[in-house]
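Please read the structure below before turning to the comments.
The values are calculated or read from the model by the stated rules, or taken from the named source; none is laboratory data. What you see is a predicted model, and the numbers here were worked out from it, not measured in a lab. FYI the Cβ positions are ideal-geometry reconstructions off the backbone, even for glycines, and counts take in every protein chain you see.
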């Protein structure tokens, strides 16, 4: 639905001094325009809109009891699919944390099902209480170096531009297509520009010259900065920088030194990808706020980053501030230095009290069969996962960096059997990695070797494999790798752990192979159980193994990745063989 508030005569007369529907008294209003606190004024609300700040009377009075009144928080960039929940359950998870608006990119499920997936996500988002806006996926597939379930052209995307909650073109991650003036990419960029809509970026590892190309092309934001220096280069060129703190990529602390009183309005917060267990345990943008304040950033500046900055960037003119003409969407907070939403109001209606939802939500969902039948793979055998070393003793190996999307490109001596095939080694922490095309298109299987996952026995697999979301699996033996893949096929997607040919635990994700119909508490319970099973096997525990695994297939993040087409070197932008030349 379109949540833009209509201008009524009652709104105008209330602003002039007639009794408002609601008056909020005794609150400390956070003024994001002047970086101050207003302590001696009331807030008048009519028809869900703030009509005045001052001495007002209302049909109903709410005493804020000295609490801070903060605009509703905005997540500037998030993939709902990474929460493993449907949009309605995602909404229920975020609202108690004071996040009232999310700007989303459904490119995860769009890579599986194309236009049908975008329509599904928009329709389900319209049913949610959270204001969910959509940026249209720009890169499906994200690169030509993998097999996606769909291809989206500018013509495919143009169909959705009429929707009032479609804000523009989502993260453009295919820099070569921009630089080489690829016709379809130019059509997508021009489609967004001609419609007056935003274009998000994805500028991981790009040089200053490449950033110039991106800004010239109209790309306005980037959420891939990992250092303060990178952030400043981007703000110098007119980008908005989204400071990301999610479940895998945790960049906020590294970026905070870039934020100053002079440039703070060019920064925003985002989560990008956050799992349900982390949402339940930490929160969402409210966690970013607490972390930034704890590490020295001024609380009001931090609130600007979480509210008005994102609203301004995305032209959400009625969001992000406590002022006349803005939505009456705000939260009560007891202590800015220990930021927690106590009560949350959405267009004048209280929806959260004492951190709990007080509204009933409708979460019934019956997805089309195409949405829940997406794992289509050929008959496989153990032989499909054997890596021949072609007489070499050294291999190109993917090195995992804990809690990072970036991997190392290593050359390591590996073990082989008598027939010259790679043998996984627990002592060397060298395991077999495979990506299986699961969209029923090519039957490709990409093979590689990975170190740093820390798996001690069995195999783990998932259909969450950014961005084409083929099956990705890592294991200590080909038998367990095959067992894990078969488990994924049986459940039509999810996350699974197997050992000695037995399925130990699985969290099914039947909706596009990415989402569950469960609530945040139920989904978090499944993930917690999976992680406990992984830990009890004696494997590494200092990072999330499934999240780490899911990004090992993403060929737009340095340095060495694996797609269904094979091992991929991001510096060469080409697939390479596994065996390495002897030094």
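Any idea how many residues of the range 536-577 are in a loop (DSSP other than H, G, I, E, B), over 22 Å from the mean Cα position of the chain (by Cα) and crowded, with 23+ Cβ neighbours inside 10 Å?
1
Give 66, 17 a once-over and let me know the one that is out of contact with any strand residue (DSSP E or B) (no Cβ under 6 Å at 6 or more places or on another chain), modelled with pLDDT of 95 or more and more than 25 Å from residue 133 (Cα to Cα).
Details: 17 fails: modelled with pLDDT of 95 or more.
Within the list 66, 17, the selection yields 66.
A quick yes/no check of all residues on (1) at pLDDT below 95; (2) part of a loop (DSSP other than H, G, I, E, B); (3) within 29 Å of residue 23 (Cα to Cα); (4) out of contact with any strand residue (DSSP E or B) (no Cβ under 8 Å at 6 or more places or on another chain):
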residue: 286; (1), (2), (3), (4): no, no, yes, no
residue: 291; (1), (2), (3), (4): no, no, no, no
residue: 317; (1), (2), (3), (4): no, yes, yes, yes
residue: 322; (1), (2), (3), (4): no, yes, yes, no
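Given (1) closer than 18 Å to residue 91 by Cα; (2) surrounded by 21 or more Cβ atoms within 10 Å (Cβ to Cβ), where does residue 281 come up short, assuming only one miss?
All conditions are met except number (2).
Somewhere in the range 496-506, is a residue touching a residue at least 60 places away in the same chain (Cβ under 8 Å), in contact with a helix residue (DSSP H, G or I) (Cβ under 9 Å, 6 or more places away or on another chain) and farther than 20 Å from residue 272 by Cβ? Steps first, please.
Taking the range 496-506 first, the residues touching a residue at least 60 places away in the same chain (Cβ under 8 Å) are none.
For the range 496-506, residues touching a residue at least 60 places away in the same chain (Cβ under 8 Å), in contact with a helix residue (DSSP H, G or I) (Cβ under 9 Å, 6 or more places away or on another chain) and farther than 20 Å from residue 272 by Cβ: absent.
For the range 262-275, enumerate the residues that are modelled with pLDDT of 95 or more and either surrounded by fewer than 23 Cβ atoms within 10 Å (Cβ to Cβ) or outside any strand (DSSP E or B) (or both).
Result: 262, 263, 264, 265, 266, 271.
Considering only strands (runs of 3 or more DSSP E) fully contained in the range 64-122, which possess at least 2 residues that are surrounded by fewer than 24 Cβ atoms within 10 Å (Cβ to Cβ)? Outline the logic, then answer.
On the way: elements: 68-71, 73-78, 99-104.
Result: 68-71.
If a residue must be touching a residue at least 40 places away in the same chain (Cβ under 8 Å) and part of a loop (DSSP other than H, G, I, E, B), how many such residues does the range 336-383 contain?
Within the range 336-383, residues that are touching a residue at least 40 places away in the same chain (Cβ under 8 Å) and part of a loop (DSSP other than H, G, I, E, B) number 19.
Where the second residue is part of a strand (DSSP E or B) and surrounded by fewer than 24 Cβ atoms within 10 Å (Cβ to Cβ) and the first is without any contact (Cβ under 8 Å) to a residue 12 or more places away in the chain and outside the structural domain of residue 482 (by TED's automatic domain parsing) and lies in the range 454-469, which pairs have Cβ atoms under 9 Å and are six or more apart or on separate chains?
none
For the range 423-469, which fully contained strands (runs of 3 or more DSSP E) count at least 3 residues that are in contact with a helix residue (DSSP H, G or I) (Cβ under 7 Å, 6 or more places away or on another chain)? Please lay out each step first, then the result.
Details: elements: 430-436, 445-451, 459-462.
Per the criteria, 430-436, 459-462.
Can you tell me which of 344, 400 is buried (at least 19 other Cβ atoms within 10 Å of the Cβ), touching a helix residue (DSSP H, G or I) at 6+ places or on another chain (Cβ under 8 Å) and outside the structural domain of residue 517 (by TED's automatic domain parsing)? If you could, list the steps in order and put the result at the bottom.
Numbers: 400 fails: outside the structural domain of residue 517 (by TED's automatic domain parsing).
Exactly one of 344, 400 is buried (at least 19 other Cβ atoms within 10 Å of the Cβ), touching a helix residue (DSSP H, G or I) at 6+ places or on another chain (Cβ under 8 Å) and outside the structural domain of residue 517 (by TED's automatic domain parsing), namely 344.
Mind checking whether some residue in the range 170-185 is surrounded by fewer than 16 Cβ atoms within 10 Å (Cβ to Cβ), at pLDDT 95 or above and either in contact with a strand residue (DSSP E or B) (Cβ under 8 Å, 6 or more places away or on another chain) or within 25 Å of residue 288 (Cα to Cα) (or both)?
no
Checking the conditions here, which among 233, 248, 259 is closer than 30 Å to residue 465 by Cβ and outside the structural domain of residue 406 (by TED's automatic domain parsing)? If you could, list the steps in order and put the result at the bottom.
Working: 233 fails: closer than 30 Å to residue 465 by Cβ; 259 fails: closer than 30 Å to residue 465 by Cβ.
None of the others qualify; the one that does is 248.
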